[in-house]
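To keep things clear, I will list the structure first and then write my remarks on it.
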Amino acid sequence: MTIKEEVIKRKTFAIISHPDAGKTTLTEKLLLYGNLIRSAGTVKGKKSGKFATSDWMEIEKQRGISVTSSVMNFPYKNFQVNILDTPGHEDFSEDTYRTLTAVDSVVMIIDAVKGIEAQTLKLFKVCRMRGIPIFTFINKLDREGKEPLELLEEIEEVLEIETYPMNWPVGMGKRFLGIFDRQNEQFIKFNGNEEETHIPYTELTSPEHQDMVSKAEFESAKDELALLDEAGDSFSLEAVLKGEQTPVFFGSALAPFGVHDFFDSFISLAPSPQPRKSTEGIIEPSNQDFSGFIFKIQANMNPAHRDRIAFIRICSGKFERGMSVKLSRTGKVFKLSQSQQIVASSRDTIDEAYAGDIIGIYDPNAYQIGDTLLEGKANYEFDELPKFPPEVFKKVMAKNVMKSKQFKKGIEQLVQEGAIQLFKDKRTESYILGAVGELQYEVFKYRMENEYNVEVLFETIGERIPRWLKREQVNEALFDDRNILVRDRDDNYLVLFRNEFALNWFKDNHKDIELIDLFEVNSYD
Ligand code: GDP
């Protein structure tokens, strides 16, 4: 097969949701369809131990959670599926955000009972800003939830995206009868624990379905559907691929109901690996030469070896084990002999992979998040990864000042892995750490002690709203220790606003100053 044919087969995506919306349950069904697991109930190995990806770090063991995300891949029909896990719950971190830079589309799960929740919104915003196609699965139809029309309205208003329901539910909770599949013009009947039945629209008039179709739920769903056909947006694959319209599927991950049809539809519509911007222009995935970038670095997966694994999203060409690649940032050449594919729990050695795939390679402490790796003579770098806004900030110092050398080295390396961001207070020059969640501080403290032998002290600054500033607009006089002016590692300035109120007050009083909430390489254009 040519590289192009291999690339077209790839579907690389992430599933985003708020905790408890049903991500694990849905993922598990997809793994079943892909024959990656044989029975349901094996994925939540956090408890059962079966799929525990990461007993590599004490802290994970203690808390029974996975700090880092993994990749699941399997062939499905004619496709090669790559699902990137986005850690949620307490381990929601910058890694979660960064995962979104390595996928071509996302599946957003919304709990029909709760509607859009905080975490979904955060991740969703990043997808919208980056134009990532979003497919929505509204879950838990077997429970009494919000009205479907209300849910669509909520998505449109809160997320500012057009919706196109691919199917339409009839009733919900105990009165849930099934869904109209608009694409295939069939009614999919919910039979509880039994397999669903597919009934073409034309057969719904037959006497055997009389009982069902005469129910009030059926009538009202039919009316809503007619309304949608007439007044709703029409389906546009072009808009979907631009991230401007989201196809919406209703179902139940647990039943499961509508999941298989959703997946088939998703797989056929979701984009294959896309071209990527670089300093030398657009790089096509079907280019012969291998290229990729590092979106995650994971340390100490094997406590005995203290090794670091760098996760690469392949952007073009073919990866072959043992090949030599150049690190663009330094020009240094590395041989990629210890390549691994992180498949849920196990680490299998892989011999080849293509654009769209994710591989883990041994990191001889040489790589940084965002690094570009290239085969051949080419010499470019992929666009910098965006800087995601941390939420919790703390001043950090070494307990023992004599250890400042190890302290600096430790911070430098941990920051390079990208779990935590380092800032310097413009006025006091003190170190400030910023993370998306509290857990990163625990991990940081633990690792500083265990790997660098430095005890650290934190001084809480609290939750802040960071906004980057344009360099020419930096004015120290405007900030104090309530709204703190800091520098990031690349000498960009940002303000840590005390709260929403302070931010809005500032905006109202300094309309000329631009505040940037997601720092991308082109933020200064
Ligand atoms: P995650 O935190 O997003 O991974 O959510 P889980 O998949 O662990 O699901 C959270 C809870 O919701 C679990 O108790 C699931 O059994 C339940 N759940 C998931 N999908 C459904 C569904 O379709 N219907 C109902 N009633 N419960 C569900």
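Summary table
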read-out	value
Residue check for Lys29: part of a helix (DSSP H, G or I), modelled with pLDDT of 90 or more and within 16 Å of the ligand (Cβ to nearest atom)	yes
Among the candidates Gly171, Gly243, residue that is in contact with a helix residue (DSSP H, G or I) (Cβ under 6 Å, 6 or more places away or on another chain) and in contact (Cβ under 8 Å) with a residue 12 or more places away in the chain	Gly171
Flag if Gly251 is within 16 Å of the ligand (Cβ to nearest atom), closer than 28 Å to Lys29 by Cβ and out of contact with any Ser or Thr (no Cβ under 7 Å at 6 or more places or on another chain)	yes
The lone exception for Glu156 - which of (1) touching a helix residue (DSSP H, G or I) at 6+ places or on another chain (Cβ under 9 Å); (2) at pLDDT 95 or above it fails	(1)
Strands (runs of 3 or more DSSP E) completely within segment 93-208 that count 1 or more residues being of a type outside the set (Asp, Glu) and buried (at least 24 other Cβ atoms within 10 Å of the Cβ)	105-111, 134-139, 162-165, 167-170, 178-181, 186-189
Residues of segment 364-407 that turn out to be assigned to a strand (DSSP E or B) and hydrophobic (A, V, I, L, M, F, W, C), as a count	8
Asp111 within 12 Å of the ligand (Cβ to nearest atom), touching a residue at least 12 places away in the same chain (Cβ under 8 Å), touching a Ser or Thr at 6+ places or on another chain (Cβ under 7 Å) and over 18 Å from Ser265 (Cα atoms)	no
Some residue of segment 311-319 being assigned to a loop (DSSP other than H, G, I, E, B), at pLDDT below 90 and within 25 Å of the chain's Cα centre (by Cα)	no
Conditions (1) under 12 Å from Asn167 (Cβ atoms); (2) away from the ligand (no atom under 16 Å from the Cβ): number failed by Gly258	(2)
So Ile116, is it modelled with pLDDT under 95 and over 30 Å from Ile361 (Cβ atoms)	yes
Residue that is modelled with the lowest pLDDT, among those in segment 357-384 that are of a type in the set (A, V, I, L, M) and either more than 12 Å from Ser278 (Cβ to Cβ) or in contact with a Gly (Cβ under 9 Å, 6 or more places away or on another chain) (or both)	Ile361
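Here's the yes/no breakdown for (1) surrounded by fewer than 15 Cβ atoms within 10 Å (Cβ to Cβ); (2) part of a strand (DSSP E or B); (3) at pLDDT 95 or above:
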site: Val415; (1), (2), (3): no, no, no
site: Ile432; (1), (2), (3): no, yes, yes
site: Val443; (1), (2), (3): no, no, no
site: Asn453; (1), (2), (3): yes, no, no
site: Leu457; (1), (2), (3): yes, yes, yes
site: Trp468; (1), (2), (3): no, yes, no
site: Glu472; (1), (2), (3): yes, no, no
site: Ala477; (1), (2), (3): yes, no, no
site: Arg482; (1), (2), (3): yes, no, no
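Per-residue answers, yes or no, for (1) within 16 Å of the ligand (Cβ to nearest atom); (2) under 20 Å from Ala226 (Cβ atoms); (3) more than 32 Å from the chain's Cα centre (by Cα):
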{"residue": "Gly145", "(1), (2), (3)": "yes, no, no"}
{"residue": "Glu160", "(1), (2), (3)": "no, no, no"}
{"residue": "Pro165", "(1), (2), (3)": "no, yes, no"}
{"residue": "Gly173", "(1), (2), (3)": "yes, no, no"}
{"residue": "Ile179", "(1), (2), (3)": "yes, yes, no"}
{"residue": "Glu185", "(1), (2), (3)": "no, yes, yes"}
{"residue": "Asn191", "(1), (2), (3)": "yes, no, yes"}
{"residue": "Thr202", "(1), (2), (3)": "no, yes, yes"}
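The values are calculated or read from the model by the stated rules, or taken from the named source; none is laboratory data. Given the structure is predicted, the values throughout are model-derived calculations rather than measurements. FYI the Cβ positions are ideal-geometry reconstructions off the backbone, even for glycines, and counts take in every protein chain you see.
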